[in-house]
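The values are calculated or read from the model by the stated rules, or taken from the named source; none is laboratory data. Note that the structure is predicted; figures quoted are calculated from it, not measured. In this analysis, Cβ positions are derived from the backbone assuming ideal geometry, glycine residues included, and neighbour counts consider all displayed protein chains.
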Amino acid sequence: MVIHFQEAYESYTDYRRTIHAIYGIYGGKWGRLGYQAGLRGEYTDRATAFGLNTPQRFAIDRADLFPSAHVSYQFSDGQQLMGSYSRRIERPRSWYLEPFITWVDAYNVRSGNPALTPEYIDSYEFGLQTFIDKALFSSELYYRIGRDRIERVRSLYAENITIFHCSRNS
């Protein structure tokens with residue numbers, strides 16, 4: 001079997017990401033009320049370069065804070081009420097950043113966006129737990145708000161071939 005190198009399909013990617021984080025948490029109980037608060041700080045350094053001769057460079061150099069809070073109240077009849085808030089981050093995967101066309105299979109190609117930044121999610125949860133003998137029954141409600149959402153949009157690339165683009169949906 002002879003393999004021939006196809007320069008037309010060659011691409012160059014240099015992807016480097018470093019994340020440093022520190023986290024603190026404080027919690028306790030005051031009577032039937034339980035509480036916990038936390039804060040995570042992160043520093044992200046991401047550098048990407050695409051292309052062989054004159055690489056295009058994209059960088060992220062940022063610090064973020066991610067707070068969290070949890071409270072619970074224990075009723076005397078074996079029920080517990082809980083509520084929480086947390087801020088989270090969803091980083092784009094490395095292939096979401098690649099700007100060139102990549103064939104996934106004979107019918108699908110993909111193309112990324114090197115300027116994508118992380119998606120942030122604010123998460124709220126509220127729940128009620130009921131203990132009956134050794135059984136636990138739980139009902140929960142949650143609400144999540146995403147900012148700077150990353151969307152994968154599918155469109156027609158050629159006849160019988162689709163392309164996935166990564167884009168921003170704020």
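Residues in region 26-54 that are loosely packed, with under 12 Cβ neighbours inside 10 Å and modelled with pLDDT under 85: Leu52, Asn53, Thr54.
Number of residues in region 122-148 that are loosely packed, with under 13 Cβ neighbours inside 10 Å and under 28 Å from the mean Cα position of the chain (by Cα) equals 9.
Screening region 26-41 for residues that are of a type outside the set (Gly, Ala, Ser) and in contact (Cβ under 8 Å) with a residue 40 or more places away in the chain and picking the one that is nearest to Gly78 (Cα to Cα) gives Arg32.
Of the residues making up region 42-55, one or more are among the acidic types (Asp, Glu), touching a residue at least 40 places away in the same chain (Cβ under 8 Å) and over 30 Å from Ala135 (Cβ atoms).
Here Arg57 passes the criteria (1) closer than 17 Å to Tyr120 by Cα; (2) at pLDDT below 90; (3) of a type in the set (Lys, Arg) except the one numbered (1). Given the structure, is Ala49 in contact with a Lys or Arg (Cβ under 9 Å, 6 or more places away or on another chain) and of a type in the set (Gly, Ala, Ser)? Judged against the criteria, Ala49 is a match. Specify which of the listed residues (Glu98, Glu151, Glu90) is surrounded by 15 or more Cβ atoms within 10 Å (Cβ to Cβ) and of a type in the set (Asp, Glu). Exactly one residue qualifies, and that residue is Glu98.
Give Ser139, Ser123 a once-over and let me know the one that is in contact with a Gly (Cβ under 8 Å, 6 or more places away or on another chain) and closer than 27 Å to Ser84 by Cβ.
Criteria check complete, one pass: Ser139.
For region 153-165, taking the residues that are touching a residue at least 40 places away in the same chain (Cβ under 8 Å) and touching a strand residue (DSSP E or B) at 6+ places or on another chain (Cβ under 6 Å), the one that is farthest from Glu90 (Cα to Cα) is identified as Tyr157.
Just one of Tyr9, Tyr23, Tyr85 is at pLDDT 95 or above, at negative phi, surrounded by fewer than 14 Cβ atoms within 10 Å (Cβ to Cβ) and not basic (Lys, Arg); which is it? Steps first, answer last, please.
Numbers: Tyr9 fails: at pLDDT 95 or above; Tyr85 fails: surrounded by fewer than 14 Cβ atoms within 10 Å (Cβ to Cβ).
Matching residue, one of Tyr9, Tyr23, Tyr85: Tyr23.
Counting only strands (runs of 3 or more DSSP E) that sit completely within region 8-126, those holding 2 or more residues that are within 30 Å of Tyr157 (Cβ to Cβ) correspond to 13-30, 33-50, 56-74, 102-105, 108-111.
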